[in-house]
Amino acid sequence: MIKYVIFLGKPGSGKGTQAQRFVERGWAWLSTGELMRQHIRNQTDLGKQVSHYVQSGALVPDEITFALVSDFLKGLSDEARVVMDGFPRNKNQAQLLEEWSTRNGAELILAIEFCLSDDEALRRLLNRYMCPVCGFIGNAPGRCPKDGAELVRRVDDDEAVIMRRIQDYGNYISQLRAYYQRLGKYMAVNGMASPDTITKQLDKVMGVGLR
Ligand code: AMP
């Protein structure tokens, strides 16, 4: 049975950094943003459809987003453990995911929200450098420690676009929080804590998924 956790949190809250630590332990990483950026880089039809949304920090329509998600999930083994990072972003996407899970016998372990202030999220994103090959996230220019590629700034890590993304997050998070609280599957972590402290906390709850 596929089991998954959902990482909720503003851009810059540390979801991607934590997701990568779990990828190193065999979890699959579903980052809809990363999948979209790959399509844009490879100039696929889908990439052309989504590029103006991604560049301006607007949400991509749910049908397009969910088509990407279900393609990704179809490719997984039955035993897969998945970290969802940046998906679902609104209640409709949460419902689509729940329906998919019911149809396919997949199970949500927990939705975990990384909490931090807008100012801190903005500060982090203005100093974020990413690997265009593997998605590694750093806070200084240079080369990726994993594959040596030159780290780059994301085009949507621009102050005006960041503010829009943070605002969008604020518009949708209360309905998502309520959705997962109702299911009894919501937990919050302090996104200001050190990455190692957060990993330890996540280990405790995500370890359940490995049994
Ligand atoms: P992220 O990498 O999660 O920060 O996402 C980057 C951008 O990709 C977002 O600003 C949106 O334009 C798009 N995107 C990523 N995930 C979603 C989603 N679940 N729904 C709609 N748009 C998304």
Fill in the blank from the handout: Heads up, the strands (runs of 3 or more DSSP E) in the range 1-95 (entirely inside) with at least 1 residues that are open to solvent by less than 20 Å² (accessible area, probe 1.4 Å), over 18 Å from Ile109 (Cβ atoms) and in contact with a Pro (Cβ under 7 Å, 6 or more places away or on another chain) are none
Fill in the blank from the handout: Restricted to the range 41-69 and to residues being hydroxyl-bearing (Ser, Thr, Tyr) and either away from the ligand (no atom under 11 Å from the Cβ) or touching a residue at least 24 places away in the same chain (Cβ under 8 Å) (or both), the residue nearest to Pro11 (Cα to Cα) is Ser56
Exercise for the section: Could you grab the pairs with beta carbons closer than 8 Å, sequence gap of 6+ or different chains, first residue in the range 2-20 and among the basic types (Lys, Arg), second one part of a helix (DSSP H, G or I) and open to solvent by 20 Å² or more (accessible area, probe 1.4 Å)? Expected result: Lys10/Asp118; Lys10/Arg165; Lys10/Tyr169
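Results for (1) over 16 Å from the mean Cα position of the chain (by Cα); (2) within 15 Å of the ligand (Cβ to nearest atom); (3) under 22 Å from Ala121 (Cβ atoms), shown as yes or no for each residue.
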| residue | (1), (2), (3) |
| --- | --- |
| Ser13 | no, yes, yes |
| Trp29 | no, yes, yes |
| Thr32 | no, yes, yes |
| His39 | yes, yes, no |
| Lys74 | yes, no, no |
| Arg81 | no, no, no |
| Glu98 | yes, yes, no |
| Leu108 | no, no, no |
Exercise for the section: Could you tell me whether any residue of the range 160-176 is touching a strand residue (DSSP E or B) at 6+ places or on another chain (Cβ under 6 Å) and either over 18 Å from Lys15 (Cα atoms) or of a type in the set (Ser, Thr, Tyr) (or both)? Expected result: no
Practice task
Search the range 127-156 for residues that are hydroxyl-bearing (Ser, Thr, Tyr) and pair each with any residue that is exposed (fewer than 14 other Cβ atoms within 10 Å of the Cβ) when their beta-carbon atoms are under 6 Å apart and the residues are at least 6 apart or on different chains.
Solution key: Tyr129/Pro141
Practice task
Restrict the check to the range 173-182 and report whether at least one residue is touching a helix residue (DSSP H, G or I) at 6+ places or on another chain (Cβ under 6 Å) and open to solvent by 60 Å² or more (accessible area, probe 1.4 Å).
Solution key: yes
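The values are calculated or read from the model by the stated rules, or taken from the named source; none is laboratory data. Everything quoted here is computed from the prediction, not taken from an experiment. Cβ sites come from the backbone with ideal geometry, for glycine too, and all protein chains shown count toward neighbours. When the accessible area is computed, the model is the full protein with side chains, heavy atoms only, and any ligands, DNA or RNA have been set aside. Shrake-Rupley method; radii C 1.70, N 1.55, O 1.52, S 1.80 Å.
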